[in-house]
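A short worksheet on the structure shown next.
The values are calculated or read from the model by the stated rules, or taken from the named source; none is laboratory data. Quick caveat, the model's predicted, so the values are computed rather than measured. Counting neighbours? That spans all protein chains shown, and the Cβs are built from the backbone with ideal geometry, glycine included. Keep in mind that these areas ignore ligands, DNA and RNA; they rest on the heavy atoms of the full protein, side chains included. Shrake-Rupley method; radii C 1.70, N 1.55, O 1.52, S 1.80 Å.
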Amino acid sequence: MTDKEFDQQRYVSFRYFLEQACGIVLGDNKQYLVRSRLTPIIKQFKCVSINVFIDSVVKGNLQHKTAAVEAMTTNETLWFRDDYPFRLLENSILNQFSNKKTAMRVWSAACSSGQEAYSIAMTTLNFKKQRPNAFCAGVEIVGTDISQEMIQRCRIAEYDQLAISRGLPKQFKSDFFEPGNNGNLRIKSQVRALANFRSINLLDSYSSLGKFDIIFCRNVLIYFSHEVKRQILQKIAACLQDDGILFLGASESISGLTDKFVMVRCNPGLYYIKKPI
């Protein structure tokens with residue numbers, strides 16, 4: 001796919017489709033990304049060319065539209081990504097919610113194949129080892145992603161050795177995993193019991209999810225336009241309890257997007273607290 005081909009009307013239309021479908025904004029230099037993500041899909045549907053596939057997508061072929069969104073949404077993830085949010089959870093934040101009379105609820109937005117949601121669950125269980133009476137009312141971790149395929153992987157909760165090697169502490173591997181199929185490791189039932197997963201498009205309403213004490217929406221906003229970021233943050237604020245906590249990615253900021261939060265700087269890292277209404 002050359003630069004000239006990418007600028008043809010069909011690719012302009014595809015970029016518009018993708019932004020409308022899931023909020024992702026493709027820059028002018030993302031030809032390689034479209035090519036690499038769509039090539040396997042073209043083979044799957046036995047299309048004669050990428051042009052034919054894209055024409056089918058923008059004309060409304062539901063199967064091809066769904067496959068294109070699945071292929072183009074980024075599913076990069078690893079265990080305990082960036083480390084500091086999970087250290088902050090275990091060392092200070094979880095203690096703030098440990099005596100709640102209702103279940104502590106945490107949302108892992110754009111959870112991909114589940115590593116973040118399960119990292120939160122493992123951190124919580126490790127916290128409870130030291131404080132057995134914590135969270136007597138329970139803990140619920142909700143993982144969401146636009147991809148149905150990713151949600152299915154989350155529910156299966158099996159990971160190959162390459163996935164396991166990406167950021168998982170040895171002690172957690174020993175404590176929270178068991179042998180799975182085909183040499184994979186599966187997350188133990190005590191961890192899986194804390195998490196449930198469902199498909200959510202961040203462009204849609206989140207009201208069905210209920211209210212949360214903590215929300216992780218990390219390394220997601222970078223793919224959206226300024227206006228879509230603003231809309232997502234407004235809807236996230238509505239899903240948080242007063243004084244609830246929001247984690248964004250290390251390179252993401254709410255500056256100029258919302259006034260619903262107060263930044264809390266830590267050493268290392270930072271998070272945001274929702275202002276009381």
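Quickly rank 263-272, 174-183, 111-120 as a protection proxy: mean count of other C-beta atoms within 10 Å, highest first.
Result, highest mean first: 111-120, 263-272, 174-183.
From the phi of every residue in segment 249-255, what ³J(HN,Hα) in whole Hz does the Karplus formula 6.51 cos²θ - 1.76 cosθ + 1.60 yield, where θ is phi - 60° and glycine or proline is x?
x, 4, 9, 9, 9, 9, 4
Which entry is the computed percent of Cα pairs over 30 Å apart for this structure: [x] 35; [y] 28; [z] 24?
[x]
Relative to the longest principal axis of the chain, what angle (0 to 90°, nearest 10) does the C-alpha long axis of helix 9-22 take?
Tilt of helix 9-22: around 20 degrees.
Express the C-alpha Rg of segment 60-188 as a ratio against the empirical globular expectation 2.2 N^0.38 Å, rounded to two decimals.
Relative to the rule-of-thumb radius for its length, segment 60-188 sits at 1.16.
With angles folded into 0 to 90 degrees, how steeply does helix 62-72 sit against the dominant principal axis of the chain? Use alpha carbons for both and round to 10.
Helix 62-72 sits at roughly 60 degrees to that axis.
At a probe radius of 1.4 Å, what is the per-residue accessible area of LYS129, in Å² to the nearest 10?
That residue has around 110 Å² of solvent-accessible surface.
At a 1.4 Å probe radius, carbon and sulfur cover how many percent of the accessible area of the chain?
In the chain, the share of accessible area belonging to carbon and sulfur is 48 percent.
Could you name the lysines whose alpha carbon sits less than 28 Å from that of LYS170, not counting residues in the same chain fewer than 8 places away?
LYS128, LYS129, LYS188
Round to the nearest 10 and give me the degree value, 0 to 90, for the angle of helix 115-130's Cα axis relative to the longest principal axis of the chain.
For 115-130 against the chain, the angle is about 0 degrees.
Take the cross-link list LYS101/LYS274; LYS65/LYS173; LYS43/LYS235 and give me the ones stretching past 32 Å between alpha-carbons.
LYS65/LYS173; LYS43/LYS235
If packing is taken as the mean number of other Cβ atoms within 10 Å per residue, what is the order of 16-26, 79-89, highest first?
On the way: 16-26: 17.4, 79-89: 20.0.
By packing density, highest mean first, the sequence is 79-89, 16-26.
Is segment 217-277 rounded, prolate or oblate when judged by the Cα gyration tensor, a ≥ b ≥ c being the square roots of its eigenvalues, rounded requiring a/c under 1.5 and prolate requiring a/b larger than b/c?
Because a/c hits 1.5 or more and a/b fails to exceed b/c, segment 217-277 counts as oblate.
Hey, what's the chain come to in accessible area per residue, 1.4 Å probe, Å²?
Value for the chain: 49 Å² per residue.
Quick one: which residues, 5 or more positions from LEU194 or on another chain, have an amide H under 5 Å from its amide H? H modelled 1.01 Å from N in the peptide plane, none for Pro or chain starts.
none
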